Amino acid sequence: MDSPSITSSQAIAHGRRIRGSASKVRRVLDQIRGKSYREALIMLEFMPYRSTGPITKVLRSAVANAEHNLGLDAANLIINQANADMGASMKRYRPRAQGRAFAIKKQTCHITIGVATQAQT
């Protein structure tokens, strides 16, 4: 799988080991990919999914990286990269009848969001 093209004027932020499955996070990331920063924040605020909290946090971090490290204006930024990959599963066990144990896998994911100015996408 080819990695997405990363330009020098793109700011990236990562959220590692976020609780929640990657498929449920991708459902939200697919809706904000390609949108402007302001529009994405409004969409995330009113979506009924639990994963919007960590995604908003990573998005704000990516924009802060763009402002601080690259000197870009937040009003001109769009989301050009948004990925969710599987992380390690936390393994827990629930007691069951007759002394048996039932395995529970609590999934985690890694969120990556990249922002760039509109002219560079």
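Could you tell me whether region 76-85 includes any residue that is more than 22 Å from P54 (Cα to Cα) and surrounded by 12 or more Cβ atoms within 10 Å (Cβ to Cβ)?
Yes: region 76-85 contains one or more residues that are more than 22 Å from P54 (Cα to Cα) and surrounded by 12 or more Cβ atoms within 10 Å (Cβ to Cβ).
Identify, from the list T112, T117, the residue that is touching a residue at least 60 places away in the same chain (Cβ under 8 Å) and either open to solvent by 30 Å² or more (accessible area, probe 1.4 Å) or within 12 Å of Q10 (Cα to Cα) (or both).
When all the criteria are applied, what remains is T117.
Say we look at region 24-69 and pick out the residues that are among the polar types (S, T, N, Q) and without any contact (Cβ under 8 Å) to a residue 24 or more places away in the chain; which of these is surrounded by the most Cβ atoms within 10 Å (Cβ to Cβ)?
Filtering first and then ranking leaves T56.
When you look at L44, is it at pLDDT 95 or above, under 25 Å from T117 (Cα atoms) and in contact with a Phe, Trp or Tyr (Cβ under 9 Å, 6 or more places away or on another chain), yes or no?
So L44 does not fit the description; no.
So is D73 loosely packed, with under 13 Cβ neighbours inside 10 Å and closer than 16 Å to T112 by Cβ or not?
So D73 fails the test.
Would you check which residues across region 93-104 are on the phi < 0 side of the Ramachandran plot and either out of contact with any strand residue (DSSP E or B) (no Cβ under 8 Å at 6 or more places or on another chain) or surrounded by 11 or more Cβ atoms within 10 Å (Cβ to Cβ) (or both) and list them?
Listed by number, the residues that qualify are A97, R100, I104.
Only residues in region 71-92 that are among the acidic types (D, E) count as the first member; pair them with residues that are assigned to a strand (DSSP E or B) and open to solvent by less than 40 Å² (accessible area, probe 1.4 Å), Cβ under 9 angstrom, at least 6 apart or cross-chain, and list the lot.
That search, which allows pairs on different chains as well, returns D73/T117; D85/C109; D85/H110; D85/I111; D85/T112.
The values are calculated or read from the model by the stated rules, or taken from the named source; none is laboratory data. As the structure is a prediction and not an experimental result, all values here were calculated from the model. Positions of Cβ are backbone-derived with ideal geometry, glycine not excepted, and every protein chain shown enters the neighbour counts. Accessible surface is based on the protein model in full, side chains and every heavy atom, while ligands, DNA and RNA are left aside. Shrake-Rupley method; radii C 1.70, N 1.55, O 1.52, S 1.80 Å.
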